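The values are calculated or read from the model by the stated rules, or taken from the named source; none is laboratory data. On a predicted model such as this, the values are computed, not experimentally measured, just so you know.
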Amino acid sequence: MTRKKTVNIAKRLKHWWRESQFAAIKKLLDRTYVRAVIFVLILSSLLLATISVTAQIPSDRVPQNPVYLIQEAQTFYEQRQFDRSAEIWQQAAAAFAAKNDVLNQAMALSNLSLTYQQFGQWEGQNLRSPKASISSID
């Protein structure tokens, strides 16, 4: 072979090598990109499925934290939703009774009576006075 042909072949090989390297890197990036997109889509769908399943758990099956119930009852009371607040005060009192937490049970019953007073059902609920409620706890 002549020197000119050898140089030509070398240039072609060099060009081919650069293109093949670029093509290989491009394929790798394309694969990685596609894999990353697929991974993100799968992860997103799993997160959405988890969120929707979590949202469907009935509240009666979830154990209620009495401290959370107090905060919730206070929020409803401040929003003047006394009927909902009274229901939650009752749940809190029952939860504290189950834990034998007498002091917090008395507090929940006291707040329940105040809530009933707010919407005028003190007598309709056959409530005892707060002193009688506390003495019944002892």
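The table below lists the values:
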| read-out | value |
| --- | --- |
| Filtered residue count, the stretch 97-114, keeping only those that are in a helix (DSSP H, G or I) and farther than 14 Å from GLN71 by Cα | 10 |
| Enumeration of residues in the stretch 19-75 that are modelled with pLDDT of 80 or more and over 21 Å from the mean Cα position of the chain (by Cα) | PHE39, GLN74 |
